[in-house]
Amino acid sequence: MRTHFDNDDFQFGLENALGCAYRQASDVGEVLATAERIKDGDDEAWVREWTATAGACWAGAQDAEAAEHRVTAASFYRRAATYYATALYRIAVVADGNGSGSATGPRQLDLWRRQRACWDKVVDLQAVPGERMAIPYEDTTLPAYFFRAPDAEPGETRPLIIVNNGSDGATSEMLMDGGAGAAERGYHWMTFDGPGQQAALFEQSILFRPDWEAVLTPVLDAMLARPDVDRDRVAVIGVSQGGYWVPRALAFEHRFAAAVADPGVVDVSTSWMASLPHIMRKQLQDGKQTAFDREMHLAELLQHDAKTTLAFRGHPYGLATGSRFELFQTVTQYRLGDEVAQITTPMLITSPEDEQFWPGQAQQLYDRLPGVKELVTFTAAEGANRHCEPMARSLRDARIYDWLDGYLR
């Protein structure tokens, strides 16, 4: 069975799928058998084979549910959600049914809806079912899920963990990224789809925004209104790009007992700029839109997946098509400035070795924080390197929650 891809995107996707086994959201054998069927670097094969494995799990879940095998059904649905999310990881660069890139096309939406349906089944079938919420947000609402601590009575007041997603992670992945760890420690937990994330993007067309305090504060307001949430003991974990959004919000929202950024992110745009040649970065800096768009157009002609990848990544920013200059300029707004000095919430910053997207920024954020703070490093020697420590879920939870316990117990 294949255990390694030379293509780094494929390898990272494989590591994420394997890491989900710790929380029973994948089976190692299913993951490795699926990877064995995929030619290294073949995006179409990636989407096809993960979709096939997910479909088999979905069928097994439906059979088990019909036979009233609740635990088995939940297990199959949980794994199917992971495998559909893994298929979606490369959907942007494969052809849609109409022959165009599927960055925002019907194939992506169909797979996403299957993934979401599996997650919703998990929410309902687990031992303590979750609760769907609608968080008031401007003139609409944001979808959210609340999970009572397994050993708590209905209505019992407990501390709460809010798990804040990143740019394109599935909502189901928040179970692995903090939810399960909270539950087994006796905490309530919740997660939500903010602007540009999951259902808020695909079903409501609500886009990213850099001023995340406009999002996290309404979420906190809604949770503090619940009688089963301890108002003085609420923490938030920012996952992936959430490592930018959470610190940004904390500069203006001071009611959290503690917060985690995994990893710390100071400037989201650096992951976009890294692949640009110096001349194009200079064009951005100097405001030369025509020249930049011309260079980007040539690059998209020479690289078959560049156009669809940019459309996929630009979709949550509201610039899936059109001027690439405007897209990149928009992304540069997602950086922390002087407002960091206003953060009073105690913060834990994770710094994984071999961070692919924002290397070095965890240390930068730590250095700029004025108050109580701690930097925790995850290393390759521990098997805990790479973005969000995908292969070290147990160690990640141990370090994050042992720190949070000091503020929530």
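The values are calculated or read from the model by the stated rules, or taken from the named source; none is laboratory data. This is a predicted model, so every value here is computed, not measured. Cβ: placed from backbone, ideal geometry, glycine included. Neighbour counts: every protein chain shown. These area figures cover heavy atoms from the full protein model, side chains too; ligands, DNA and RNA do not enter into them. Shrake-Rupley method; radii C 1.70, N 1.55, O 1.52, S 1.80 Å.
Take the residues in the stretch 91-106 that are at pLDDT 55 or above and over 14 Å from Asp43 (Cα atoms), then tell me which one is least open to solvent (accessible area, probe 1.4 Å).
Looking at residues that are at pLDDT 55 or above and over 14 Å from Asp43 (Cα atoms), I get Gly105.
With in a strand (DSSP E or B) and either farther than 20 Å from His387 by Cβ or out of contact with any Gly (no Cβ under 6 Å at 6 or more places or on another chain) (or both) as the only criterion, which of Met223, Met190 stands out?
Met190
Looking for whichever is among the basic types (Lys, Arg) and free of Cβ contacts under 8 Å to residues at least 40 places away in the same chain here; the options are Arg396, Arg324. Which one fits?
Arg324
List pairs: first residue in the stretch 37-62 and without any contact (Cβ under 8 Å) to a residue 12 or more places away in the chain, second residue open to solvent by 20 Å² or more (accessible area, probe 1.4 Å) anywhere in the structure, Cβ distance under 7 angstrom, at least six positions apart or on different chains.
Hits for this filter: Ala45/Lys39.
Considering the stretch 227-244 alone, what residues qualify as being surrounded by fewer than 19 Cβ atoms within 10 Å (Cβ to Cβ) and in contact with a strand residue (DSSP E or B) (Cβ under 8 Å, 6 or more places away or on another chain)?
Asp228, Asp230
Taking the criterion of being charged (D, E, K, R), open to solvent by 20 Å² or more (accessible area, probe 1.4 Å) and touching a Leu at 6+ places or on another chain (Cβ under 6 Å), would at least one residue in the stretch 278-291 satisfy it?
Narrowing the stretch 278-291 to residues charged (D, E, K, R): 281-282, 286, 288.
Cutting the leftovers down to open to solvent by 20 Å² or more (accessible area, probe 1.4 Å) gives us 281-282, 286, 288.
Adding the requirement that they be touching a Leu at 6+ places or on another chain (Cβ under 6 Å) leaves none.
Scanning the stretch 278-291, I find no residue that is charged (D, E, K, R), open to solvent by 20 Å² or more (accessible area, probe 1.4 Å) and touching a Leu at 6+ places or on another chain (Cβ under 6 Å), so the answer is no.
How many residues does the stretch 47-68 contain that are open to solvent by 20 Å² or more (accessible area, probe 1.4 Å), small (Gly, Ala, Ser) and in a helix (DSSP H, G or I)? Walk me through it before giving the result.
Quick first cut of the stretch 47-68, residues open to solvent by 20 Å² or more (accessible area, probe 1.4 Å) only: 48-49, 51-52, 55-56, 58-59, 62-63, 65-68.
The next check asks that each one be small (Gly, Ala, Ser); those that pass are 52, 55-56, 59, 66-67.
Next cut, in a helix (DSSP H, G or I) only: 52, 55-56, 59, 66.
Looking only at that region, the number is 5.
The rows are residues; the columns are (1) within 18 Å of the chain's Cα centre (by Cα); (2) assigned to a helix (DSSP H, G or I); (3) among the hydrophobic types (A, V, I, L, M, F, W, C); (4) buried (at least 20 other Cβ atoms within 10 Å of the Cβ).
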residue	(1), (2), (3), (4)
Val246	yes, yes, yes, yes
Ala249	yes, yes, yes, yes
Glu253	no, no, no, yes
Phe256	no, no, yes, yes
Val260	yes, no, yes, yes
Val265	yes, no, yes, yes
Ser275	no, no, no, no
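Count, please, the residues in the stretch 358-375 that happen to be surrounded by fewer than 21 Cβ atoms within 10 Å (Cβ to Cβ) and either of a type in the set (Ser, Thr, Tyr) or under 22 Å from the mean Cα position of the chain (by Cα) (or both).
6
In the set Gln356, Gln329, Gln364, Gln333, which member is under 30 Å from Glu295 (Cβ atoms), outside any loop (DSSP other than H, G, I, E, B) and touching a residue at least 60 places away in the same chain (Cβ under 8 Å)?
None of the other options fit; the residue is Gln364.
Is it the case, given these coordinates, that Val128 is buried (at least 23 other Cβ atoms within 10 Å of the Cβ), under 29 Å from Asp221 (Cα atoms), at pLDDT 95 or above and not small (Gly, Ala, Ser)?
No.
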